[in-house]
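Below is one structure, written out as structure tokens; the observations come after it.
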Amino acid sequence: MPLNKKLLISLIGCTLLILLVTPGVLGTLAKHYIERAVYLSNLNTALTIELEEYQQSWFSSRFVINVYTEDEFEETLVPIGSFPAILKHGPLTFVNHQPGIGAFYLYSNSLKEANLSTPYIGYARAGFLGTVELNINVDLHALSQSYEYSQLETTGLKLSPLILSIDSNFEFEQINYKILWPGFKGQHNPRNAYVEDVLLTGHMNRISDEHWQGSSTANIKQLTFPSSDFKANDLQLTLKNSLIIDESNRSTHIQLSGQAVELQSTWNQWRDAKLDIDIQRADLTALSSLYDLAERAYLEFDSPFGEYAQLEYMAALQTTLPALFSDNAQVNINDISFVDKESGDKKKITGTIDFPDLPEFMDEHLLSLIAKVNGTIKSKNESSGEEKEIQIKNGRLSVDNQAFDFSLFN
């Protein structure tokens, strides 16, 4: 047999062997990565995710993803949704007519609680270079009909689809994400609210199973809530957090920056607004109270805008702030600047606020925290050159060394 023909037969044989052997190996690896992702999600979010009915075959596998939230009062898990999934693994798979490796499709026909259609399209792909890509397109308008407070059908309000994309390495040590929502609007919107072009991007690096650091940036073209006299145009907010852990020290550094072409509230209107703040020694575990609030909103609120919901928001704020700042945190106001649209004056605020080290049993006492706050805040009118200095000493305020008749504490 000629050498070329032998080489061709060998190549064909090797190719067939790869096509037959690798799907099973990739299926085993894929199951490990899926179980790892579920473990990390349960460890770091308020949701509980379970894999059910995992049936692994050589070329494909099937399983169900069940998502729950916890009812703390009943001490039970409340189902949010059940999502059947098909995983196709092998060196030759196709997603949206695009060839790839280790691709799987997600789809769902109903929510467990409401038995309503949950229209979304989702797929993920594991690539040759050790990356995982996930893309989900959710029809929020159809999904919103499962809530009792929804009046979208009668008001003509239309919610745009939400598009989520995530890419990561196999061990989920580095995660990049993007969430795009074109917003909502309607001619008969009862609140006259308007949201346009919301884009959230960011990345996270995993330091340990329970500790992450990274940054998120939100861009919003327009955000209007006339019922509360709030409006923002071309708004951008960036949040960065870095976590430092060693044998003798653990600290968190948060940086918050933002800008807006136009801002409007009940009190005033501003343009060219800028924000630059960093927080040292913040305790990010305090944000768990926000997870608790999200759970209560899902389980208990008839409306996210109702009076009861607003009281819960205020209660969450009163417990979050002390827990976030009560470990000798320091807030550095590097730049808060804006132009007053009415007067045309350009103003800038800078300063530093030092928070106390409260005992652990006082971590949720807002008044105890405020009573020990110290700091200096400077306000400058850059148009006129006028300056004011606000001093805070144990919660008591003074402006240009003139004490107020009241304090932050009382």
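The values are calculated or read from the model by the stated rules, or taken from the named source; none is laboratory data. Note that the structure is predicted; figures quoted are calculated from it, not measured. Ideal geometry is used to build each Cβ from the backbone, glycine not excepted, and the neighbour counts take in all protein chains shown. Calculation scope for accessible area: heavy atoms of the full protein, side chains included, ligands and nucleic acids excluded. Shrake-Rupley method; radii C 1.70, N 1.55, O 1.52, S 1.80 Å.
If Val399 satisfies all but one of (1) open to solvent by less than 50 Å² (accessible area, probe 1.4 Å); (2) under 15 Å from Ala329 (Cα atoms), what's the number of the condition it fails?
Going through the list (1) open to solvent by less than 50 Å² (accessible area, probe 1.4 Å); (2) under 15 Å from Ala329 (Cα atoms), Val399 breaks only (2).
What number of residues within segment 384-396 satisfy the criterion of being in contact (Cβ under 8 Å) with a residue 12 or more places away in the chain, open to solvent by less than 70 Å² (accessible area, probe 1.4 Å) and farther than 16 Å from Ala371 by Cβ?
Within segment 384-396, residues that are in contact (Cβ under 8 Å) with a residue 12 or more places away in the chain, open to solvent by less than 70 Å² (accessible area, probe 1.4 Å) and farther than 16 Å from Ala371 by Cβ number 2.
Determine which single condition Asn334 fails, assuming it passes every other condition in (1) more than 24 Å from the chain's Cα centre (by Cα); (2) at pLDDT 80 or above; (3) in a helix (DSSP H, G or I).
(3)
Restricting attention to segment 145-177, and to residues there that are aliphatic (A, V, I, L, M) and either open to solvent by 70 Å² or more (accessible area, probe 1.4 Å) or within 20 Å of Leu199 (Cβ to Cβ) (or both), which single residue is modelled with the lowest pLDDT?
Selected residue: Leu159.
Which numbered condition in (1) at pLDDT 75 or above; (2) within 30 Å of Glu300 (Cβ to Cβ) is the only one that Glu75 fails?
(1)
From (1) in a strand (DSSP E or B); (2) of a type outside the set (Val, Ile, Thr); (3) modelled with pLDDT of 85 or more; (4) open to solvent by 30 Å² or more (accessible area, probe 1.4 Å), pick out the condition that doesn't hold for Asp405.
Tallying (1) in a strand (DSSP E or B); (2) of a type outside the set (Val, Ile, Thr); (3) modelled with pLDDT of 85 or more; (4) open to solvent by 30 Å² or more (accessible area, probe 1.4 Å), Asp405 fails exactly one: (3).
Name every residue in segment 29-56 that is of a type outside the set (Asp, Glu), more than 22 Å from the chain's Cα centre (by Cα) and exposed (fewer than 13 other Cβ atoms within 10 Å of the Cβ), in order of residue number.
If the condition is that a residue be of a type outside the set (Asp, Glu), more than 22 Å from the chain's Cα centre (by Cα) and exposed (fewer than 13 other Cβ atoms within 10 Å of the Cβ), then His32, Gln55 are the ones that fit.
Residue-wise test of (1) polar (S, T, N, Q); (2) at pLDDT 70 or above; (3) assigned to a loop (DSSP other than H, G, I, E, B).
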{"site": "Leu239", "(1), (2), (3)": "no, yes, no"}
{"site": "Leu243", "(1), (2), (3)": "no, no, no"}
{"site": "Thr252", "(1), (2), (3)": "yes, yes, no"}
{"site": "Gln255", "(1), (2), (3)": "yes, yes, no"}
{"site": "Gly258", "(1), (2), (3)": "no, yes, no"}
{"site": "Glu262", "(1), (2), (3)": "no, yes, no"}
{"site": "Trp267", "(1), (2), (3)": "no, yes, yes"}
{"site": "Trp270", "(1), (2), (3)": "no, yes, no"}
{"site": "Leu275", "(1), (2), (3)": "no, yes, no"}
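Quick one: in segment 331-351, which of the residues that are open to solvent by 50 Å² or more (accessible area, probe 1.4 Å) and not basic (Lys, Arg) is farthest from Gln264 (Cα to Cα)?
Result: Asn334.
For Ser215, state whether it is assigned to a strand (DSSP E or B), modelled with pLDDT under 90 and among the hydroxyl-bearing types (Ser, Thr, Tyr).
Considered against the rule, which asks whether it is assigned to a strand (DSSP E or B), modelled with pLDDT under 90 and among the hydroxyl-bearing types (Ser, Thr, Tyr), Ser215 comes out as yes.
Just name the residue that is modelled with the lowest pLDDT out of those in segment 350-366 that are assigned to a loop (DSSP other than H, G, I, E, B) and either within 25 Å of Ser257 (Cα to Cα) or polar (S, T, N, Q) (or both).
Here the answer is Pro356.
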